[in-house]
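The values are calculated or read from the model by the stated rules, or taken from the named source; none is laboratory data. Keep in mind the model is a prediction, meaning the values are calculated, not measured. Backbone-built Cβ (ideal geometry, glycine too); neighbour counts: all protein chains shown. Surface areas here come from the heavy atoms of the whole protein model, side chains and all, with no ligands, DNA or RNA. Shrake-Rupley method; radii C 1.70, N 1.55, O 1.52, S 1.80 Å.
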Amino acid sequence: MKDTIDAILKKHIPKEKGNLIPVLQSVQKKKGYISPESVNRISNYFRISRSSIYGVATFYSQFRFNPPGRHSIKICLGTACHVQGGDFILKALQAEIGISPGETTDDMRFDLDRVACLGCCALAPVVMINNKIHSRMSVIKLKELLNKYE
Amino acid sequence: MNKKTTQNISVQIDGKTINAPVGTTVLQAAQKAGIYIPTLCYLENIKPYGGCRLCIVEIKNMRAYPTACTTPIAQDMEISTKTPELQKLRREILELILSEHPYTCLICIDKNNCNEFMTTTRKVSVTTGCNFCANNGNCELQDLVEYLELTEIKYPWAYKEIKPEKNNPFYDIDYNLCILCGRCVRICNEVRYSEVLDFVQRGNSVIVGTAFGESQKDAGCEFCGACIDVCPTGSLSEKMGKWVGIPDKSIETTCVFCSVGCKMNINIKDNRIVNVGPKPGNRTNPLQLCVRGKFVPGDIMFHPERITTPLIKKENKWIEVSWDEAINFTVNKLEQYRGNQFGVISSAHESLENNYVLQKFSRKLMKSNNVDLVSSFPDKNIIKKIHEYYTHHKPANIENITNADTIFVIGSQTNLSHPIIENRIRKAAKNGKKIIVANTHDTRTSYFAEQNILYKQGEEHTFLLSLLFVLNNKDSGKLSNELKQEFNNFDIEKVFKHCGVSRQDIEKIVKSLLNSKNPVIIAGDGILINPYSIFNFNTLVNIQTILKKPETCKIIFLLNEGNFYGSTIAGLHPDLLPGFDELASEKNIKKWSDNWKTDLNNTKGLSGNEMVNNIAKDGITALFVVGDIPAHPNLAKLKFLVQQNMFLTELSEHVHVFFPITGFTETNGHIINLERKLKEIIPVTAPAKDVKTVWETISNLARAMQEKGFDYKKPEDIFSEINSFIDLSFATEEKAKKEILPVRADVSVKKKKLPVEIISENNYFNYLGNDLLELIPDMEDILGEVVSGSSSGSSSGSSSGSGSI
Ligand code: SF4
Ligand code: SF4
Ligand code: SF4
Ligand code: SF4
Ligand code: FES
Ligand code: FES
């Protein structure tokens, strides 16, 4: 862990703020997410505070701060899906698996994110699990669907 | 400001001509002329942020509406601050800001009548309007709404649905009230350098937060409270005094917890401390304090366990008695123990006045020179050394740190012991100054260091010695030639090995010090609370002498309690009469006998340690303790033990009479801080009826014992007595002596043990010996691990993690 980060950091000289985003991108690519430990290392290297690194990272939607789960759920909250009750599905889903967007369940079974539009508005509301689109979602359908992913 | 470099230019603001130096902002120029421009994100002395746009102005020949806080003035600018157009825009801006804020109460026509009927509903957990907000009545949004006469808001209130945080120690957070002015973020990063807060998330969800949403404590919050002080809304609120309402008085006094002696403002209502913080409505440039200054006074002065009546122990039970009874009881006993069997041990948190009267009582009336302070210094002579040093080198002031080009911090946990010193170190680091930190373990200061040295535990003296050796070899002055003789046959490699620091690292430090124009050396507990404290002191002074920068190189000795130096100059030292006059000199005995119209006993005084040890041999039979001393089995053998304190402690078990004592916010007096400046402490609340100061207690005792010379009516009487004998401005002394300090480097490297028998935890978080972690649960929360962790990991093992009396 430490070595991977160190290797990434070593490639990014000078220690300038401008290099922060590329470092974060490499870390995300290598580790799948930005962990508190990585941020500590980066903070010491660049002498930029942890909160400010986190602030920068959360400014971009590309960064995750939790390890990916075995299955990735992306829930669409684009206009069409929103109108068709997407956020109701999201609330139900949050209640079911107990996490908010951006988080991963403790048992690492699921991670959850919201997306803006998956490009199949006709099928709204839409949920994507591991790159597979599930259309015309309802709360009941969703519950059944989740059972298929262990 | 420097006259030569600043050039004044003139501008017109609202038709008024104003002269101000180049670089002044429109806002500053207007404020200087007494012209009000509304602001929300602006903070005095911090880089302007230009975020809220409420300070917009019109400037002739400039397009759009520049923000006054970010626009510098230019010659002949014509500025308008209050055109109808501007006010309209400001109202719109404020409306937008408030659209995400519980604004109903703000624009309610009944708002002024509502307050008095709503007192209980205020404690609901979610703030839905001013009447449910801790900020009510002291809120910049309310002020702005009033100023801009905003009576309606066209947008519906969008509640942010952020869970209020109520689990943090000392303060609550409710970001639903946050208007994103960024003051907290900026003060935490740019003034306190704690770097806990930042804006996180994006778009609509932007909010102030910590990394990964950690709790404040996990994110490294130092609980200085600066963010609360500057927050214009109720988003950040202190738990204590939260629902007390608007203070009716604010009084400035001096913090005595550590020797920085910060100025503090205390807000009071109905003789209770509401909080320590800026006066109501005065947020943009608050005094900077640390967690102790900010949160302790309110918690401790009104602590439920505080003792507020005199107590006498009868058949192992405490009986509450009147002052008269307690005084009579004490007088009867004390009469039997005059002479060398009596002793006084006091606290360096007490004022100059109190400690002066206390030692005078012991020496003049009780005829005993057994007076001492509870301290962690294994060698009492260190304070004498420091005093001597001050007579040759003007003591540093705190701003010397900010201005130094190189700062060398040795053996100090400055962020805990002297946080405002730490703050200046960090400020210097951020300004690109060179920071060198040396300790046995990494500290928070290490993060700011260019060079971070770790030496082995208990090896401060060998570390300093190797520095001296390397530095000395590069010099050929009188002193270094003498030293070279001493260093003859000196095995430097062995010393490097001893302290665990490489020659390379030592060379690098020496180089930095030699290249520095005005270095500051900060010596902490690791140096002073050390069996080699005197050796370390001498080595440091030698280093300074060889650096040949007597006026610009400063050594700062970090004494812990607020009034250690002041208490010693007041005479609370077994070997020293007031004014650092050696007791061993007959001349001084005569001088003080004359001063006090008495015949002083010339028997050498015992230190606190010796007193406790001598109890066993019946050398000491009666003790008067102000504050607390570590428990010791001998104490049970005392014939008579008096304690004056705010709380019962472990010691109280052996105590016969207990007098309740005032805290520093309840009495007048002075302390002398580490800059050797006299600072005034001022009463902010009246003590409970039966709580008295040390000087009142002692004067009562002395009068009951028919002794003259204790007819003080008020602390000022004592102060003028001290001042008539001792020059507390130190003006004469600086002129008098100028010869070089006699320094001897003892170059032998032997292992020494602390010459102490009674070991107590060296805890910065105590007041009058009372453990603040025990008394204040929130303090335990934030420091529990840190304090125990630091003492085990600290410099000289059992030595620096511990102290003696
Ligand atoms: S922060 Fe000010 S405006 Fe907002 S609810 Fe509290 S008192 Fe009212
Ligand atoms: S209390 Fe001090 S350290 Fe903590 S967040 Fe506020 S300003 Fe920063
Ligand atoms: S918490 Fe207070 S100081 Fe910080 S940004 Fe919000 S309103 Fe401003
Ligand atoms: S730094 Fe020292 S004097 Fe200042 S507030 Fe803290 S404890 Fe008090
Ligand atoms: S809005 Fe959901 S797929 Fe387009
Ligand atoms: S005070 Fe000038 S923009 Fe906020």
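Could you list, in sequence order, the residues of region B:168-190 that are open to solvent by 10 Å² or more (accessible area, probe 1.4 Å), more than 14 Å from chain A (Cβ to nearest Cβ) and in a helix (DSSP H, G or I)?
Passing the criteria: only B:Tyr175.
Within region A:101-128, how many residues are within 16 Å of A:Gly69 (Cα to Cα) and assigned to a loop (DSSP other than H, G, I, E, B)?
The number of residues fulfilling the criteria is 8.
Open to solvent by 30 Å² or more (accessible area, probe 1.4 Å) and under 27 Å from B:Ala396 (Cα atoms): which single residue out of B:Asn614, B:Asn560, B:Asn668 fits that description?
Exactly one of B:Asn614, B:Asn560, B:Asn668 is open to solvent by 30 Å² or more (accessible area, probe 1.4 Å) and under 27 Å from B:Ala396 (Cα atoms), namely B:Asn668.
If I ask for residues that are closer than 25 Å to B:Gly209 by Cβ, open to solvent by 40 Å² or more (accessible area, probe 1.4 Å) and part of a loop (DSSP other than H, G, I, E, B), which ones from region A:75-100 would you list?
Matches in region A:75-100: A:Leu77, A:Gly98, A:Ser100.
Taking region A:1-20 only, how many residues are open to solvent by 40 Å² or more (accessible area, probe 1.4 Å), within 14 Å of chain B (Cβ to nearest Cβ) and under 21 Å from B:Phe199 (Cβ atoms)?
Residues meeting the conditions: 1.
Quick check: anything in region B:78-86 away from chain A (no Cβ under 14 Å), open to solvent by less than 70 Å² (accessible area, probe 1.4 Å), within 16 Å of ligand 6 (Cβ to nearest atom) and in a helix (DSSP H, G or I)?
yes
Yes or no, residue by residue, for (1) modelled with pLDDT of 90 or more; (2) over 27 Å from B:Lys294 (Cα atoms):
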| position | (1), (2) |
| --- | --- |
| B:Thr83 | yes, yes |
| B:Arg91 | yes, yes |
| B:Ile97 | yes, yes |
| B:Val124 | no, no |
| B:Gln142 | yes, no |
| B:Thr151 | yes, yes |
| B:Tyr159 | no, yes |
| B:Asn176 | yes, no |
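Among what's in region B:191-226 and is buried (at least 22 other Cβ atoms within 10 Å of the Cβ) and within 16 Å of ligand 4 (Cβ to nearest atom), pick the residue that is farthest from the other protein chains (Cβ to nearest Cβ).
If we take residues in region B:191-226 being buried (at least 22 other Cβ atoms within 10 Å of the Cβ) and within 16 Å of ligand 4 (Cβ to nearest atom), then B:Gly225 is farthest from the other protein chains (Cβ to nearest Cβ).
Run down B:Asn45, B:Asn19 and say which single residue is part of a loop (DSSP other than H, G, I, E, B) and more than 12 Å from ligand 6 (Cβ to nearest atom).
B:Asn45
State which residue pairs qualify: first residue on the phi > 0 side of the Ramachandran plot and inside region B:644-671, second residue buried (at least 24 other Cβ atoms within 10 Å of the Cβ) in any location, beta carbons under 6 Å apart, and separation of 6 or more residues or different chains.
Pairs found: B:Gly669/B:Ser351; B:Gly669/B:Glu353; B:Gly669/B:Ile681.
I need the full set of residues from region B:628-647 which are surrounded by fewer than 24 Cβ atoms within 10 Å (Cβ to Cβ) and part of a loop (DSSP other than H, G, I, E, B), in order please.
B:Pro630, B:Ala631, B:His632, B:Leu638, B:Lys639, B:Phe647
Could you list all residues from region A:51-74 that are surrounded by fewer than 19 Cβ atoms within 10 Å (Cβ to Cβ), of a type in the set (Gly, Ala, Ser) and at the interface with another protein chain (Cβ under 7 Å from one of its Cβ atoms)?
None; the set is empty.
Going by the conditions given, is B:Val230 within 16 Å of ligand 6 (Cβ to nearest atom), crowded, with 23+ Cβ neighbours inside 10 Å and within 28 Å of A:Phe46 (Cβ to Cβ)?
When the stated conditions are applied, B:Val230 passes them.
Given B:Glu459, B:Glu486, which one is within 33 Å of the chain's Cα centre (by Cα) and open to solvent by less than 80 Å² (accessible area, probe 1.4 Å)?
B:Glu459
Any idea how many residues of region B:178-220 are among the polar types (S, T, N, Q), under 23 Å from B:Met779 (Cβ atoms) and more than 10 Å from ligand 2 (Cβ to nearest atom)?
The number of residues fulfilling the criteria is 1.
Find the strands (runs of 3 or more DSSP E) located wholly in region B:394-506 whose residues include 3 or more that are in contact (Cβ under 8 Å) with a residue 60 or more places away in the chain, and list them.
By residue number, B:406-410, B:434-439.
Please find, among B:Asp248, B:Asp198, the residue that is within 27 Å of the chain's Cα centre (by Cα), modelled with pLDDT under 95 and farther than 20 Å from B:Phe132 by Cα.
B:Asp248
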